[in-house]
Structure formats: structure tokens, C-alpha cells
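Comments concern the structure below.
The values are calculated or read from the model by the stated rules, or taken from the named source; none is laboratory data. Computed from a predicted model, the values in this text were never measured in an experiment. Positions of Cβ are backbone-derived with ideal geometry, glycine not excepted, and every protein chain shown enters the neighbour counts. Heavy atoms of the whole protein, side chains included, go into the accessibility calculation; ligands, DNA and RNA do not. Shrake-Rupley method; radii C 1.70, N 1.55, O 1.52, S 1.80 Å.
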Amino acid sequence: MGDSESGIVLHHLEDSRSHRILWLLEELEVPYTIKEYKRLPNKQAPPELRKVHPLGKAPVITDGGRTFAESGLIIEYLIGRYGEDKFGVKRDVNSEAWIDNTFFIHYSEGSVQPNLLQRALGTVVVKEVPFFVRPFARLIFGKIDEAATSPDLERHGQLIEAQLTKVESKGGWLAGAGHPTSADFMMSITLQIFLKDAPEYAGPKTKEYVKRIQERPAYKKVLALPGGSLDFLYTES
Ligand SMILES: N[C@@H](CCC(=O)N[C@@H](CS)C(=O)NCC(=O)O)C(=O)O
């Protein structure tokens, strides 16, 4: 980690997607500074984060006088600038590795995370509404989960297992490039939330894959940093 703010600064919210960027920065071994933000009691980001980026969400990085939000962009930017040789995938629309890498970058935020949020929201709403409304809230959210969220989560679980089976002989990273790529940095958090909130649909290869990430020396370094732990870190029960 660096101690000057002239280089990369990661605006890191506890227990959030900015963990993806912490992992990548430790893998890249580039100097950086962390600015830590604590969640408010309602779990939202504190208003200070809005001074860094109008959305007020994490992660955000600044580098060379520029500010970037969206973890997919941040990861692609950092790899492109500091780690193409280690973690990049050549842009070639005919290559399976490029297609798979790009797919999982978008799939993480565009497909799985919204379904996971849908499920988590149901649990939160049921807990937060007055007790006399709770049975109705449970019924309504249960019906939504049964009709829409669960079938989607089941398909996600199957798709992820199929991809991990496909890349097994190529080193086990999602794009089959023999090393982690943007896809893995994105999915590192997504799959740990999946294992916590949709464990019934997570297969054995998903668990092995998350353990493989956690075994990386850079990942272990992140977990030992102040603010580098995760309240939903996957541990085998
Ligand atoms: N698609 C964005 C999502 C950013 C996002 O929703 N971040 C969450 C943390 S996991 C956040 O800042 N939540 C606090 C809030 O919404 O106030 C990304 O991948 O960076």
C-alpha cells in the first residue's frame, strides 16, 4: 500500500463490492491508498462518498486526476493500465476466452446480483415492517421468490457450475485463460453473496472456486488489512 494520494486511491466501503478492487490491487502489487467508509445503520453508504462520485456508491477510484466508478470499468482500467500481462485477455471477438471474460464481467452485475438483491430485499422488508403486517409481507415476498427469483437463481447456479466444469482443465479460472481475469475479480464477491443467500443452488465447483480465490496470497493479504474483511466471507460449514 502507498501512503501518498497522488497515485491510486480506492474509496472503499466496508463489506462491499470494493473488496473486488482490493483483491486486484494486491494482486497487481501497485502502490495505492485506501479511504475507508463505514456503512450507516441503514446499511447505505455515508454521504461523503457522494462528494467523490455523484452516485455515492462503492467502489470508486481516483488515479492520475481521473475518477472512475463501476467495478467492471475499474477492474478493466486497472488491468489495462497495470497488469495486462498478468491478468489481461486479448481483445479478439473470435476467442472463447475473450467472450467468456466479457460475458462474466457483465453477467455479474447485470444478471446475478439483481436476483440476489431481490432475494435479500424480501428478507429485509419482512424484518422491517410492523409485526402485524409481517405475515402478509412474508407471503407476498415468498410468492415473488417462488415465481421469479428462485428459478433464476437455480439457473445461475447451474450455469456457473457448467462454466467451472468447462475451464477445469485450463486452470479453473472463469475465462479459461490459465490465470484470473476481470471475470474472476467481478465474480469473487458475487459468488460469496450467492453462497450466503442462495446456498441451495450453489454447486460443489462453485465452493471449490471460491476457496481457490481465498487461497491466493493476495486475497489473504486483503483479509488482513484494516477494513479488508467481509461479513459474508464464505466459510465451509
Ligand atoms: N454496479 C456498481 C454497484 C455499486 C453498488 O451498488 N455499491 C454498493 C456496495 S456493494 C453501495 O455502495 N451501496 C451503498 C449504497 O447504495 O448507499 C458496481 O459494480 O460498482
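A compact table of results
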item: Amide H partners (placed H, <5 Å) of TYR32, local residues excluded; result: GLY2
item: Gaussian network model of the chain, springs between alpha carbon atoms under 10 Å - residue of ALA183, ALA147, ALA162 with greatest fluctuation; result: ALA147
item: More than 21 Å apart - percent of Cα-Cα pairs taken over segment 131-237; result: 45 percent
item: Accessible carbon and sulfur surface of the chain relative to its total accessible area, %, 1.4 Å; result: 56 percent
item: Summed residue charge, Cβ within 13 Å of ARG39's Cβ, Lys/Arg positive, Asp/Glu negative; result: -1
item: Candidate lysines - alpha carbon under 21 Å from LYS90, same-chain residues fewer than 8 apart omitted; result: LYS166, LYS170
item: GNM top mover of ASP152, ASP184, ASP85 - the chain, alpha-carbon springs below 10 Å; result: ASP85
item: Electrostatic dipole magnitude of segment 98-237 [Cβ: Lys, Arg +1; Asp, Glu -1; Cα centre; debye, to 20]; result: 240 debye
item: For segment 112-157 versus segment 209-237, the gap between their alpha-carbon centres in whole angstrom; result: 28 Å
item: Computed [θ] at 222 nm, helices only, for the chain once each DSSP H run of length n ≥ 4 contributes -39500 (n - 2.57); result: -15500 deg cm²/dmol
item: Spatially proximal aspartates and glutamates relative to LYS143 (Cα-Cα < 19 Å; intrachain offsets below 8 disregarded); result: GLU128, ASP152, GLU154, ASP197, GLU200
item: The chain, dipole about Cα centre (Lys/Arg Cβ +1, Asp/Glu Cβ -1), debye to the nearest 20; result: 500 debye
item: Relative pair counts by distance (%), Cα atoms of the chain, 10 Å bins; result: 7, 30, 35, 21, 6, 1
item: Total formal charge among the other residues, if their Cβ is under 13 angstrom from that of GLU208, Lys/Arg +1 and Asp/Glu -1; result: 0
item: q = 0.13, 0.14, 0.22, 0.23 Å⁻¹: log10 I(q)/I(0) that the Debye formula gives for segment 8-87, counting C-alpha atoms only; result: -0.36, -0.42, -0.98, -1.06
item: Qualifying lysines (Cα of each under 23 Å from Cα of LYS43; at least 8 residues distant if same chain); result: LYS35, LYS51, LYS57, LYS127, LYS196
item: Cβ crowding within 10 Å averaged over residues, with 103-111, 225-233 ranked highest first; result: 103-111, 225-233
item: Rg to Rh quotient for segment 153-201, alpha carbon positions, Kirkwood Rh; result: 0.98
item: THR102, THR181, ranked by accessible area, largest first (probe 1.4 Å); result: THR102, THR181
